[in-house]
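Have a look at the structure below, then the notes.
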Amino acid sequence: MTTTALTTRRPQGPGTGWPKLLGRTLGAEWTKLRSVRSTYGSLAAAVVVTVAIAALAAWAITTDDQPNPAPATQLAAVGASVGQFGLVALAALAITGEFATGSIRTTLAATPARWAVLTAKAAVVGAVTFPAGLVATALATLTASAILGIGTDGIGAVSARSAAALTLTGVLVVGLGAVLRSAAGTITTAVAVLFAPPILGAIVSNEVVATVMDYLPAGLTTVLVSGTGERYSPELAALLLGVWAVVVLAAGAIALHRRDP
Amino acid sequence: MIELNGLTKRYGPTLAVDDLSFRVQPGKVTGFLGPNGAGKSTSMRMVLGLDRPSAGQALVDGRPYRELRAPLRVVGALLDAGAVHPRRSARDHLGALARSNGIPRSRVEEVLGLVGLDTVAGRSAGAYSLGMRQRLGIAAALLGDPGIVLFDEPVNGLDPDGIRWVRQLVKDLAAEGRTVFVSSHLMSEMEDTADHLVVIGRGRLVADAPIGQVIASSSHTVVRVRTPAAAQLGRLLTPTAQTVRQESDSVLTVVGLTTDDVGEVAHATGIRLHELTLQSASLEEAYMELSQHHLDYGTSQLTPQGA
């Protein structure tokens, strides 16, 4: 502890343009994401649950009297639909953790440009959810195929589509967290948005309701991951899911801009 | 320099900060005083662009904080020490802040050494004592080598050694020509560190003056005079003094005049003095009086000094 050497040396100033600003903010958010243990826990949970559910489904099929195996990739997609909540938790905690601990004030004092903070958070969350989704889905496909003794046809395509869906969902959840601020509220809402429509869709047969369901994130995710859709192509599903993610993220940026942290 | 112009913050019907205007000048320590809940932290958060003012504005070096692209190089702030993720190490916390403002990584180790946390920098901030978190907050404030520092209750949770260290640090920063703005609800914190005081109560400006003047203008600062001609001298002093009270046949207490003033009058009129002493109010008393008057009458007792 010393009071000398407070330094009068001023390091060279950083660039002030927005690409430089975004670059610096990305660096800061990456440092923050990799320096808390919950990040690794959430990633591990996502992979383990995805593989475990796929393995369980495959094992259940083998117990049938007359096994009628589904493709391994389809079982992996089922696994990913449950395992995604590990990634939802990661995305939610990346933003709500700052509100819970008060460190959001430190963050915004260092980077007053709210849009840059939220964009950088979404980007670093996406940067880990994509490879995590890829690995989880591929491992789940391999596991299911091994249990059932069938091939792994389409493993690359399904893994990539699943990873894309998980990434866009992660971005959406970051935006949701900026609006709702609490971890519990954000995760609960995300679970409701991602799980409730398929359940409702199975009960309700109203055509209008069914159409609406298909355009909500859950319906879009189903088409994107399975690679087939009645109303639209998987490519369009990816695009529409991207629109959802951007809209919710923008709502988060507006909330961050308007409300006192 | 920090500049507040009619800064106001309203929460529903409550005015947390009410039309606050003052400037914080570089090169000296400015104490920001007020009881808990007076609006100090809210004002500081508005200076940092965190809370949005209901009216008025705050400027740092002439610009709103939210316009700064690398603010840590302009303003270093210690807000509540809890504003750190408890699962992140001090080194990573500062590392993220450094990256966000394009500050070289080497500066992180420098400030860690400066606040004496270098040996524990790898531990989670959640495991720190309040005093250690306070030091971490100060390290973050100094990270960008800013020309303006803003400390909200910096000695909270510090041990006597730490308190002495913060006081010296604050003086050193001002001596280097920086703008130093330090809040406290305790007058005693300011007594030997602040050069200038801004006092607020219930969100309103109560005083904005050099510390000496705050003490001098207190009615607790009195001149005690012992003289055989107490009654006569009392009459002579009454027109210029704030109050003159005759304590006994031979003792007067005078408020609002210096010992020089009283001595001159006595000499000019040939009155013999047996004692002439200044009984200075403590800053504590001056502060209590200021906030008391303010609460009673809701008026400013000291006018701002043109800065």
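The values are calculated or read from the model by the stated rules, or taken from the named source; none is laboratory data. Source: prediction; values computed, not measured. So basically every Cβ, Gly included, is an ideal-geometry build from the backbone, and we count neighbours across all protein chains shown.
Hey, any hits in region B:140-163 for a residue that's touching a residue at least 24 places away in the same chain (Cβ under 8 Å) and in contact with a Pro (Cβ under 6 Å, 6 or more places away or on another chain)? No, region B:140-163 contains no residue that is touching a residue at least 24 places away in the same chain (Cβ under 8 Å) and in contact with a Pro (Cβ under 6 Å, 6 or more places away or on another chain).
Checked against (1) in contact (Cβ under 8 Å) with a residue 12 or more places away in the chain; (2) within 28 Å of A:P67 (Cα to Cα), A:I199 passes all but condition (1). Being at pLDDT 95 or above and either part of a helix (DSSP H, G or I) or closer than 22 Å to A:L224 by Cα (or both) is a description that applies to A:A140. Name the residues in region A:32-74 that are under 29 Å from A:A127 (Cβ atoms), modelled with pLDDT under 95 and of a type in the set (A, V, I, L, M, F, W, C), would you? Within region A:32-74, A:V36, A:A72 qualify. Is it the case that some residue within region B:28-40 is more than 7 Å from every other protein chain (Cβ to nearest Cβ), among the small types (G, A, S), surrounded by fewer than 21 Cβ atoms within 10 Å (Cβ to Cβ) and within 17 Å of the chain's Cα centre (by Cα)? Yes, some residue in region B:28-40 is more than 7 Å from every other protein chain (Cβ to nearest Cβ), among the small types (G, A, S), surrounded by fewer than 21 Cβ atoms within 10 Å (Cβ to Cβ) and within 17 Å of the chain's Cα centre (by Cα).
So is B:T253 among the hydroxyl-bearing types (S, T, Y), outside the structural domain of B:V198 (by TED's automatic domain parsing), in a loop (DSSP other than H, G, I, E, B) and at pLDDT 85 or above or not?
Values: among the hydroxyl-bearing types (S, T, Y): yes; outside the structural domain of B:V198 (by TED's automatic domain parsing): yes; in a loop (DSSP other than H, G, I, E, B): no; at pLDDT 85 or above: yes.
No.
Residues in region A:53-72 that are without any contact (Cβ under 8 Å) to a residue 40 or more places away in the chain and under 19 Å from the mean Cα position of the chain (by Cα): none.
Results for (1) surrounded by fewer than 21 Cβ atoms within 10 Å (Cβ to Cβ); (2) of a type outside the set (A, V, I, L, M); (3) under 10 Å from the mean Cα position of the chain (by Cα), shown as yes or no for each residue.
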site	(1), (2), (3)
B:R164	yes, yes, no
B:E189	no, yes, yes
B:D192	yes, yes, no
B:R202	yes, yes, no
B:A207	no, no, no
B:A230	yes, no, no
B:G234	yes, yes, no
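For region A:173-224, the candidate set comprises residues that are over 15 Å from the mean Cα position of the chain (by Cα) and among the hydroxyl-bearing types (S, T, Y); within that set, the residue that is modelled with the lowest pLDDT is A:S205.
From the list B:D80, B:D61, B:D152, pick out the single residue that is buried (at least 20 other Cβ atoms within 10 Å of the Cβ) and of a type in the set (D, E). Show your work before the answer.
Values: B:D80 fails: buried (at least 20 other Cβ atoms within 10 Å of the Cβ); B:D61 fails: buried (at least 20 other Cβ atoms within 10 Å of the Cβ).
One residue alone meets the criteria, B:D152.
Scanning region B:78-107 for residues that are facing chain A (nearest Cβ under 7 Å) and either among the hydroxyl-bearing types (S, T, Y) or within 18 Å of B:L130 (Cβ to Cβ) (or both) yields B:L79, B:D80, B:G82, B:A83, B:V84, B:H85, B:P86, B:R87, B:R88, B:S89, B:S100.
Applying the condition of being touching a Gly at 6+ places or on another chain (Cβ under 7 Å) and free of Cβ contacts under 8 Å to residues at least 24 places away in the same chain to region B:65-77 and asking which residue is surrounded by the most Cβ atoms within 10 Å (Cβ to Cβ) yields B:Y65. Can B:A241 be described as of a type outside the set (S, T, Y), outside any helix (DSSP H, G or I), under 27 Å from B:L197 (Cβ atoms) and modelled with pLDDT under 85? Answer is no for this residue. Identification of helices (runs of 4 or more DSSP H) wholly contained in region A:23-117 with 1 or more residues that are more than 9 Å from chain B (Cβ to nearest Cβ) yields A:37-62, A:72-101.
Pick from region B:168-178 the residues that are surrounded by 20 or more Cβ atoms within 10 Å (Cβ to Cβ) and more than 12 Å from the chain's Cα centre (by Cα): which of them is farthest from the other protein chains (Cβ to nearest Cβ)?
Our first condition is that a residue be surrounded by 20 or more Cβ atoms within 10 Å (Cβ to Cβ); within region B:168-178, this holds for B:169-170, B:173-174, B:178.
Add one more test, that the residue is more than 12 Å from the chain's Cα centre (by Cα), and what stays is B:169, B:173-174, B:178.
Values: B:L169: 5, B:L173: 7, B:A174: 11, B:R178: 9 Å.
Only one residue fits best here, namely B:A174.
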